[in-house]
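Novice: Attaching a single structure in structure tokens format; questions to follow.
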Amino acid sequence: MADGTATVGPVAAVGALTRDQVEILTARKGEPEWLRAGRLKAWDAFAAAPMPTTRDEDWRYTDIGRMLKLEGFALADEAASVADADGLPAGLRAVVDESGETSARVAQVDASVVLREVPAELAAQGLIVSSLETALREHPALVERWLGTAVTDEDGKFAALNSAYWTGGLFVYVPRGVKVEVPVRSYRWITAAGTAVFGRTLVVAEAGAEVAIVDEVASDDFDRPTLSTSAAELFADEGAKVTYVSVQRWGLGVAHLSTDRLVAGRDAKITTLYTTLGGDLSRADVKCRLRAPGSHVDMLGVYVAQGQQHFDHETLQDHVAPHASSNLLFKGALDDRSRSVFRGLIRVHPKAQRTDAYQTNRNLILAAGARADSLPNLEIQADDVRCSHAATVGQLDEEEIFYLLSRCIPKAEAVRLVVFGFFAEVLDQLPHEGVRRELLRAVERKLARRAQA
Amino acid sequence: MAQPLLKITNLHAEIAEDGTEILRGVDLELNEGQIHAIMGPNGSGKSTLSKVIAGHPAYEVTDGDILYRGESILGLQPDERARAGVFLAFQYPVEIPGVSVANFMRTALNAKRGEEVDIFDFQDELEARMGMLEMDPAFAARSVNDGFSGGEKKRNEILQLAMLEPLLAVMDETDSGLDIDALRIVTGGINRIKSERPEMAVLLITHYQRMLNYITPDVVHVMVEGRIARSGGAELALELEERGYDWLREEAGAV
Ligand SMILES: Nc1ncnc2c1ncn2[C@@H]1O[C@H](COP(=O)(O)OP(=O)(O)OP(=O)(O)O)[C@@H](O)[C@H]1O
Ligand SMILES: [Mg+2]
């Protein structure tokens with residue numbers, strides 16, 4: 001950010017978020033009544049909810065009212081469709097080009113999905129990958145059945161804002177038993193500073209389906225506060241295997257607030273990886289619900305904060321059903337004067353006997369001015385469970401650095417290598433080799449900024 | 001005669017944190033191609049000397065100098081010393097979780113040579129060197145020293161020595177923790193490297209005569225209480241084996 005402060009302050013009011021705008025939006029898109037009503041109800045929930053303060057337990061270390069003024073953002077423009085990836089804005093094309101193997105892909109620029117490619121053989125198997133708007137027209141019953149059932153107006157002010165205002169969006173539907181081996185890619189890009197975008201993701205994997213989705217957001221750096229409020233809902237039915245990788249690479253100037261809800265059915269397996277690298281302020285609220293026996297969720301996270309970036313991760317491993325397991329590992333490196341907050345909760349409901357749930361958050365402080373707060377928590381109402389949590393905030397090990405120096409490696413590179421190794425434990429758990437390599441490169445690039453500073 | 005490769009004069013060093021003096025006037029000269037052994041009781045300062053030569057930030061040199069190829073290296077960072085050809089095989093090699101031996105080795109080699117090493121040449125070389133040390137090729141993919149047994153760690157140190165081709169190799173108790181076969185393999189590796197590059201000088205810190213059966217030193221030094229208390233030929237090691245260190249301690253105390 002150009003002026004060197006972490007405050008995403010007000011700008012001249014270009015447009016305001018209003019109920020009228022919600023009406024205009026839904027009318028112009030010709031949406032069905034259930035959705036119109038849902039958007040307006042969400043707007044009312046948003047308007048009624050006060051801005052969180054540090055007195056709210058969830059926001060204790062992120063003074064959102066000071067960091068973010070919700071006035072003055074212009075709604076992002078609608079963008080024209082493009083014939084192929086070459087037609088995308090150059091910055092986004094670079095992001096797309098860095099991606100390895102891809103099955104289907106969808107790219108959103110500002111308010112609109114502008115590119116959609118689905119290989120014919122996958123479409124023939126019934127795989128649906130499209131914008132959520134398109135899905136509303138082509139598969140209205142599916143969207144109505146699932147949209148807004150996991151992310152509701154009770155999920156906080158910003159989730160409600162997203163439900164009122166989302167446009168474009170990603171819809172992935174994998175029918176029963178269909179296995180999509182190569183990752184599905186979604187990209188979201190903002191072109192203009194000072195705008196607000198509202199991304200929305202809905203993923204439904206039917207029984208026995210398998211899919212991996214890389215959901216990536218990126219932009220250039222902006223000299224004005226820019227807002228991204230996103231929400232994702234993901235459902236894995238019986239025996240389904242879903243990998244959901246979120247890559248947040250917004251430029252500086254962006255405030256990113258996401259609310260993601262993932263639901264695992266009987267014997268389903270969900271792996272999530274949150275990679276948080278960009279923006280001035282990034283807050284991810286991720287809750288996984290283990291709804292039925294035999295379900296397993298791996299929640300992974302990697303974050304690298306520099307400058308005055310402020311990253312906040314809030315997680316819940318919500319064990320509703322017995323005989324389910326979850327494992328969380330979030331690791332972050334904090335440089336310069338950056339801050340991170342991790343608040344994680346394992347909640348075991350009274351009926352969820354035989355739960356196995358683990359939670360670990362580790363932070364590496366790279367500079368004296370950086371700070372990490374880690375607050376792991378357990379709330380256990382069943383007696384036959386195995387649960388643990390651990391949190392550490394530590395510095396670089398001087399002996400490790402000296403060892404690398406003594407092997408000819410310059411200091412900056414030695415630090416990068418150690419940090420890199422620190423993250424390997426997380427990234428190695430990702431089942432997709434290609435995606436793992438891409439993320440390593442993204443982390444590497446972010447760390448390389450350090451040496452230049 | 002040509003200048004010594006390493007010349008340490010009246011070296012005093014203390015623990016930077018609390019000012020405790022550990023090295024109290026070390027004098028040592030090592031010529032190119034020579035092998036010197038340093039022996040001495042526990043806590044006498046041998047590892048400290050090796051780390052001070054390598055530039056460990058925990059120690060502060062308060063007096064004296066370390067000349068390497070005729071120039072003081074006290075102002076050089078550890079990585080600069082390493083690139084100039086100083087290598088330290090650690091008594092306790094450090095674990096670097098998540099960084100593979102191959103990645104680590106390649107990064108080190110690139111830094112040493114100042115250019116990107118060809119990946120295939122690198123792999124060939126690494127494989128050959130691992131073969132020489134009878135290391136399982138699977139080690140290349142494992143995290144550096146992470147979960148390695150004591151002996152495996154020491155072999156890994158020699159692997160690095162072989163790859164980085166230093167001019168001065170300081171080896172701190174490379175023999176400790178090795179079983180008889182491993183000792184043969186490791187000393188065989190060192191001798192092999194030495195025969196390939198006879199100009200390399202070796203400073204061998206050890207407690208045991210048995211290592212010196214495999215690697216014959218030109219000079220044996222005994223370190224006592226932060227100083228070289230005595231120097232002699234290979235036979236000095238045998239004498240120490242027999243008599244222990246007390247007589248030297250008494251002599252040192254009498255000084
Ligand atoms: N960083 C340090 N902090 C505190 N004490 C230290 C440090 N480094 C060395 N010492 C102390 O200095 C003395 C010399 O230690 P050093 O490791 O050099 O001995 P050594 O001769 O290598 O012993 P050994 O034969 O047991 O390996 C010891 O008393 C040791 O505890
Ligand atoms: Mg020692």
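The values are calculated or read from the model by the stated rules, or taken from the named source; none is laboratory data. What you see is a predicted model, and the numbers here were worked out from it, not measured in a lab. Because the Cβ atoms are built from the backbone with ideal geometry, glycine has one as well, and the counts that use them run over all protein chains shown. Please note that ligands, DNA and RNA were not included when accessible areas were found on the heavy atoms of the full protein model with its side chains. Shrake-Rupley method; radii C 1.70, N 1.55, O 1.52, S 1.80 Å.
Novice: Calculate what fraction, in whole %, of the accessible area of the protein assembly as shown sits on carbon and sulfur atoms when a 1.4 Å probe is rolled over the protein chains. Spell out each step's value before the answer.
Specialist: Numbers: 12950 of 27470 Å².
Of the solvent-accessible surface of the protein assembly as shown, carbon and sulfur hold 47 percent.
Novice: Given the alpha-carbon gyration tensor of the protein assembly as shown, what are the semi-axes of its equivalent ellipsoid in whole angstrom, ordered largest first, with each equal to the square root of 5 times an eigenvalue?
Specialist: Square roots of five times the eigenvalues give 59, 25, 24 Å.
Novice: Would you mind computing, in nm to one decimal, how far apart the modelled labels at B:L238 and A:T102 are, each placed 7 Å from Cα along Cα→Cβ?
Specialist: So the two model labels end up 7.5 nm from each other.
Novice: May I ask for the distance between the Cα centers of the range B:149-163 and the range A:59-138, given as a whole number of Å?
Specialist: The range B:149-163 and the range A:59-138 have Cα centres spaced 50 Å from each other.
Novice: Ok, one more. Can you give the convex hull volume per residue for the Cα atoms of the range A:253-327, as a whole number of Å³?
Specialist: Dividing the Cα hull volume of the range A:253-327 by its residues yields 62 Å³.
Novice: Also, quick follow-up: For A:A49 paired with B:A141, estimate the spin-label separation in nm (one decimal), with each label point 7 Å from Cα along the Cα-to-Cβ line.
Specialist: 4.6 nm
Novice: Hand me the GluC sites (Glu not before Pro) from the range B:43-137 located in a DSSP loop with no more than 11 other Cβ atoms within 10 Å, in residue order please.
Specialist: Those satisfying the criteria are B:E115, B:E116.
Novice: Here is a follow-up. Any number yet on Rg/Rh for the range B:90-156, C-alpha, Kirkwood?
Specialist: Here the Rg-to-Rh quotient is 0.96.
Novice: Whole percent per 10 Å bin, from 0 to the bin with the longest distance: what is P(r) over all C-alpha pairs of the range B:6-254?
Specialist: Here the calculated profile for the range B:6-254 is 7, 31, 36, 21, 4, 0.
Novice: Continuing with the same structure: Apply the Kirkwood formula to the range A:145-198: the hydrodynamic radius equals the inverse of the mean of 1/r over all pairs of different alpha-carbon atoms; give it in Å with one decimal.
Specialist: 14.1 Å
Novice: Find the centroid of the Cα atoms in the range A:402-416 and in the range B:225-254, then give the distance between the two in whole Å.
Specialist: Taking the Cα centre of each part, the range A:402-416 and the range B:225-254 sit 37 Å apart.
Novice: Please list, by residue number, everything in the range B:15-37 whose backbone N is under 20 Å from a paramagnetic label point 7 Å out along Cα→Cβ of A:E398.
Specialist: B:15-24
Novice: Give the interface area between chains B and A as buried accessible surface, both sides summed, probe 1.4 Å, in Å² to the nearest 100.
Specialist: The B and A chains share an interface burying roughly 2000 Å².
Novice: OK, next. Using every alpha carbon pair in the range A:82-398, what percent of pairs falls into each 20 Å bin from 0 up to the bin containing the largest distance?
Specialist: Distribution as computed: 33, 59, 8 percent.
Novice: Per residue, what volume in Å³ does the Cα convex hull of the range B:13-103 take up? Please list the in-between numbers first.
Specialist: Working: hull volume 12.8 nm³, N = 91.
Convex hull volume per residue, Cα atoms: 141 Å³.
Novice: Please give the FRET efficiency for B:E199 paired with B:M132, using the beta carbon to beta carbon distance and R0 = 22 Å, rounded to the nearest 0.05. Please list the in-between numbers first.
Specialist: Numbers: r = 19 Å, r/R0 = 0.89.
According to the calculation, E is roughly 0.65.
Novice: Oh, and also: When ligands, DNA and RNA are left out and all protein chains stay put, how many square angstrom of accessible area per residue does the range B:6-254 have with a 1.4 Å probe?
Specialist: 41 Å²
Novice: Take the Cα pairs of the range A:173-267, get the Kirkwood Rh, then feed it into Stokes-Einstein at 37 °C and 0.692 mPa s and tell me D in µm²/s.
Specialist: 231 µm²/s
Novice: Report, please, the projected area of the range A:323-370 averaged over directions, based on the convex hull of its C-alpha atoms, in nm².
Specialist: It is 3.5 nm².
Novice: Can you give me the C-alpha center-to-center distance between the range A:306-380 and the range B:4-26, rounded to a whole angstrom?
Specialist: Measuring centre to centre over Cα atoms gives 46 Å.
Novice: Under 13 Å from a point placed 7 Å out from the Cα of A:N377 along the Cα-to-Cβ direction: which residues of the range A:51-87 have their backbone N that close?
Specialist: Under 13 Å, as judged by backbone N against the label point of A:N377, lie A:55-61 of the range A:51-87.
Novice: Further question on the same structure: List the trypsin sites (Lys or Arg not before Pro) within the range A:138-219 that DSSP assigns to loop and that have no more than 14 neighbouring Cβ atoms inside 10 Å.
Specialist: A:R176
Novice: Something else about it: With a sphere of radius 12 Å drawn around the Cβ of A:D84, what net charge do the other residues whose Cβ falls strictly inside it have (Lys, Arg +1; Asp, Glu -1)?
Specialist: Numbers: positive: A:R93, A:R105, A:R116; negative: A:D86, A:E117.
So the surrounding residues net to +1.
Novice: If the limit is 18 Å between Cα atoms, which of A:K69/A:K287; B:K7/B:K46; A:K41/A:K287 go over it?
Specialist: Pairs exceeding the cut-off: A:K69/A:K287; A:K41/A:K287.
Novice: Given C-alpha coordinates of the range A:94-149, what is the ratio Rg to Rh with the Kirkwood estimate of Rh?
Specialist: Ratio of gyration radius to Kirkwood radius for the range A:94-149: 1.01.
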